[in-house]
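Written below as structure tokens is the structure these notes are about.
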Amino acid sequence: RLRREAAEDYRGQRVPERMEEALNTLFPLRPGDLYGELVARAGAAAARGRRGLSRPRVPARGGAEGPWGSVLNLFTLFCCLGLFFFFLQRICSTIMASHSQIPENALPEIIEADEKERKDSVHTAVEWVNESLNTMLRDLESTDQCQADKMLGEYFANKVEEKKEIQKREEEEAAKVTPAPASCPPTPIPKQKRGKTVKKVLVEENPIPPAEPAEPVLCGSLAIGGTSLAIAKAGATISCVPLYLYIALLKHNQELPKEMALPLPMVTLLNCEKNLPTKLKLVKEVMLIPPAELSLKQGIERIQDIQKEMTRLLESSGKMPGPPGDSKKGKTQSSGKKAPPPPLKRISHLGCLTTGYDNLEQLLLLMQTACKNVGLELGTDMYLAINCAAHELMDYDKRKYEILTGTFKSPDEMVAMYVEMINNFPFIIALIDPLRKEDREQWSSICSALGSKCYLIAEDAATHISKLKSDQNINIAMCSGVVLKYINQTKVSDLIELTGILDGQRHITILGSPDGESLDESLVDLAVGLGARFLKLGGLSRGERVAKYNRLLAIEEELAANGTLREAKLEFIDFAGESQPEEQLPDVLPAPEQD
């Protein structure tokens with residue numbers, strides 16, 4: 001009976017005829033992946049609206065795997081679709097790297113605890129995907145990104161409430177077990193000796209805002225971001241369009257943009273780790289930004305030339321780090337002066353050279369020398385961006401930033417220092433995290449003073465972006481733009497909505513890769529589709545970062561071939577000349593609850 005019903009149903013939909021036509025068409029082509037070619041042709045038919053030949057594909061099964069490795073804790077998610085009623089086809093996968101906010105100079109026990117926490121988060125994420133999310137998202141159209149993200153958001157909110165209930169019960173049980181503290185007798189106050197009274201002069205110090213607590217992350221939250229991205233990739237595959245174009249269609253309400261501009265790359269050249277024996281602590285990353293009028297390929301070639309020359313200069317000056325145990329680097333040179341102690345490693349996790357300097361001028365002059373030696377001029381042929389990571393510089397006992405070993409500056413003095421720096425070195429066109437997010441008054445001052453000639457970008461200062469609607473003291477207007485990272489429970493729809501609001505407020509969007517990276521290239525497609533101004537991927541070394549630069553080059557070639565490539569622009573925001581108040585940024589990214 002079932003066979004007869006199936007045969008009648010298939011004949012009614014002309015399945016045998018359509019399958020025969022498809023197979024006859026493909027036979028002369030002899031494709032290597034027959035089933036994949038059938039899927040692609042069916043997807044193309046659906047995209048053209050030929051409903052008689054295909055119907056919207058719905059997820060039949062999703063899955064997750066992990067963790068891989070002890071450092072990155074990679075989380076792999078794949079999406080399967082039910083096709084032609086008789087087999088499952090795995091059509092896409094995505095990889096999420098668990099994100100860590102532990103500073104580079106953290107204690108070993110803190111790093112070990114963070115490592116364990118990230119592993120637990122990956123295992124929890126795998127359970128969520130293989131059990132709850134797999135069932136919840138089954139039979140949902142893969143191209144319905146908004147509905148999928150809505151369901152993912154509701155699922156995450158329920159998990160947050162469950163965590164709160166568990167914590168509440170644990171606190172109540174702990175309160176029952178813990179005895180009340182015994183009352184202590186009052187401490188007698190010693191009598192003061194007679195003598196001359198000494199007047200104490202109180203010196204008023206400007207208090208600094210205390211550091212806001214680190215943003216908690218719910219264990220397993222990266223399952224939400226990974227699933228959302230996997231659904232977007234599945235939708236792009238079914239629609240037979242690249243992911244960056246699929247994201248652009250989602251952002252612009254299915255209207256195809258006539259032209260698209262590539263984000264300018266922020267390529268990290270030097271990683272100046274702050275735990276090195278050298279004095280300079282103000283600079284964490286030195287990045288190169290090619291001019292907007294160059295193609296990406298031309299810009300990368302210039303950066304490679306500068307990197308080679310910089311490596312030669314560092315090696316000749318004795319500051320180039322060698323392999324561990326290399327005793328020659330620390331020996332006395334012919335001049336009689338002892339060479340500075342070499343750092344421990346040569347290529348950092350950011351895919352760039354690791355070195356240190358004693359002052360900022362020494363670093364910038366060496367950069368100028370390297371550019372001149374290859375026939376380039378900073379400020380014309382290449383620009384600089386500096387990641388200050390100011391939140392790692394604050395000495396809370398002294399209430400000041402330690403910019404050099406033993407040299408401290410107050411928040412107001414930092415603003416004056418940056419103004420002098422940009423005036424002396426105008427080829428620096430971007431500062432990332434020049435101040436802590438808590439120093440809001442100084443953010444306003446530095447934006448008014450430098451916003452018309454330098455991008456003031458918040459990366460760590462944007463971690464609490466989800467609270468902008470509820471906290472009136474935080475104003476996103478007091479920075480040129482923010483670095484967005486696709487991590488944890490962030491969904492594709494969140495990025496689309498948030499970048500649309502930033503565009504309306506004349507803020508720039510920078511998409512940045514997390515510290516723990518993977519070979520997944522989706523971040524590049526997201527940046528292009530969302531219209532980000534910059535893309536912060538790290539250096540030109542290490543396979544996981546090189547893969548993303550190669551993907552960006554491939555997208556440039558594709559847009560150029562289609563005649564839809566638009567030249568990017570460098571436009572600054574003159575905060576001092578703006579009189580109208582900026583709108584508050586709504587609550588787009590849901591705030592993670594305590595783990």
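We did not get these values from a lab; they are worked out from the coordinates using the rules stated. Just so you know, these numbers come straight off a predicted model, no measurement behind them. Every residue, glycine as well, gets a Cβ built from its backbone with ideal geometry; the counts of neighbours run over all protein chains shown.
Assuming R0 = 41 Å, can you tell me the calculated FRET efficiency for the pair K569 and R169, based on Cβ-Cβ distance, to the nearest 0.05?
0.15
Arrange the peptides 234-241, 254-261 so that the one whose residues have, on average, the most other Cβ atoms within 10 Å appears first.
So the peptides 234-241, 254-261, ranked by packing, come out 234-241, 254-261.
Calculated FRET efficiency, K308 and L26, Cβ-Cβ r, R0 45 Å, to nearest 0.05?
Step by step, r from the Cβ atoms, then E = 0.40.
In whole Å, what is the distance between the alpha-carbon centres of region 267-319 and region 112-137?
37
Please list 151-162, 4-15 highest first by mean number of surrounding beta-carbon atoms within 10 Å per residue.
Most protected by this proxy first, the peptides run 151-162, 4-15.
If you count, for each residue, the other Cβ atoms within 10 Å and average over each peptide, how do 517-529, 293-305, 117-129 line up from highest to lowest?
517-529, 117-129, 293-305
Longer than 23 Å from Cα to Cα, which of K150/K485; K297/K548; K372/K548 are they? Say none if no pair is.
K372/K548
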